[in-house]
Amino acid sequence: QVQLVESGGGVVQPGRSLRVSCVASGSTFSTYGMHWVRLPPGKGLEWLAVISNDGSEKYYADSVRGRFTISRDNSKNTVYLQLNSLRTEDTAMYYCARIDCGPDCPFDDWGQGTLVIVSS
Amino acid sequence: VMTQSPLSLPVTLGQPASISCRSSEELVHSNGNTYLHWFQQRPGQSPRRLIYKVSNRDSGVPDRFSGSGSGTDFTLKINRVEAEDVGVYYCMQGTHFPWTFGQGTKVEIK
């Protein structure tokens, strides 16, 4: 199991940008993909994006493609989510997660979340 | 699109509960696996996976939780609901990008 710690949330005005980060413990960060998931207040979980272990492959939810960018720095055991052109509906708790599957699904690790509030 | 029902499920302690999840497309991956998972999110906590690939319980998950289904129709069952099972339950498909969650089913005690 890895420990995941998000940071970078806060209050931001509509139209502005924010970058949230997630640091993973351990020495195997470069061997697995990482996801971002969010939970808006009063709503359900929304999967946002995934990045492969080496950063070569990225996929996004339709709702954030073109505005959000996932990236990673394996030397820092960190995955990022750049949030651009923020809207009030982007207000949510943002979680990073290691939940990749292959032939099996050995991982189910989540951070505690970082809260992003988009408000004027 | 993942569609769950019911969205709200009041249950008496010790009684069974069942949540349905229907996908708008087949969830069998080209590798033969069906990546349909179930997550639980208790109030104030991060999500936790209970069931992976339709019917496999994650480590530490009580055996009162079970998953079944195939193709486009899946079910999560709780054999005898306990107080600690209160929360929101989500199905999620990880077969096709973008991955998608169901709307969530809120389980509460009557």
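Derivation of every value follows stated rules applied to the coordinates shown; laboratory data play no part. Nothing here was measured: the structure is a model prediction, and the numbers come from that model. Virtual Cβ from ideal backbone geometry, glycine too; neighbours counted across all protein chains shown.
Treat the count of other C-beta atoms within 10 Å as a stand-in for reagent exposure and order A:CYS22, B:CYS91 from fewest to most.
Fewest-to-most ranking of A:CYS22, B:CYS91: A:CYS22, B:CYS91.
Kirkwood Rh, chain A, all Cα pairs: how many Å?
Taking every pair of different Cα atoms in chain A, averaging 1/r and inverting gives 14.3 Å.
To the nearest 20 debye, what charge dipole does the protein assembly as shown have about its Cα centre, counting +1 at the Cβ of each Lys and Arg and -1 at the Cβ of each Asp and Glu?
Using only the charged Cβ atoms, the result is roughly 420 debye.
Quick one: dipole size for segment A:21-115, taken about the Cα centre, charges +1 on Lys/Arg Cβ and -1 on Asp/Glu Cβ, in debye to the nearest 20.
Dipole size: approximately 320 debye.
Using the alpha carbons of segment A:1-69, what is the convex hull volume per residue in cubic angstrom, as a whole number?
Here the figure is 117 Å³ per residue.
Between B:SER59 and A:SER75, what is the label-point separation in nm under the 7 Å Cα-to-beta-carbon projection?
Simple spin-label model gives 3.2 nm for this pair.
Per residue of B:34-40, what is the mean number of Cβ atoms on other protein chains within 10 angstrom of that residue's Cβ?
Counting Cβ atoms of other protein chains within 10 Å of each residue's Cβ and averaging gives 2.
Which distance in Å, rounded to a whole number, links the C-alpha centroids of segment A:15-47 and segment B:82-109?
Centre-to-centre (Cα) distance: 18 Å.
Please list the equivalent ellipsoid semi-axes of segment B:1-103, computed as the square roots of five times the alpha-carbon gyration tensor eigenvalues, in descending order and whole angstrom.
The three semi-axes for segment B:1-103 are 23, 13, 13 Å.
Give me the dipole magnitude in Debye, nearest 20, for segment B:36-110 about the Cα centre, with unit charges on the beta carbon: positive for Lys and Arg, negative for Asp and Glu.
20
Rank the residues A:ARG67, B:ARG49 as a footprinting-exposure proxy: fewest other Cβ atoms within 10 Å of their Cβ go first.
Exposure proxy ranking, most exposed first: A:ARG67, B:ARG49.
Could you list B:TYR90, A:TYR59 so that the one with the fewest beta carbons within 10 Å of its beta carbon is first and the one with the most is last?
Neighbour counts put them in this order, fewest first: A:TYR59, B:TYR90.
Report the one residue of A:GLN1, A:GLY33, A:CYS101 whose Cα lies farthest in the direction of the positive end of the charge dipole of chain A (charges on C-beta: Lys and Arg +1, Asp and Glu -1; origin at the Cα centre).
Going by the Cα projections, it comes out as A:GLY33.
Can you give the Rg to Rh ratio of segment B:45-89, both from alpha-carbon atoms, with Rh computed by the Kirkwood formula?
We get a ratio of 0.95 for segment B:45-89.
Viscosity 1.306 mPa s, temperature 10 °C: give me the Stokes-Einstein translational D for the protein assembly as shown in µm²/s, with Rh taken as the Kirkwood radius over C-alpha pairs.
Result for D is 88 µm²/s.
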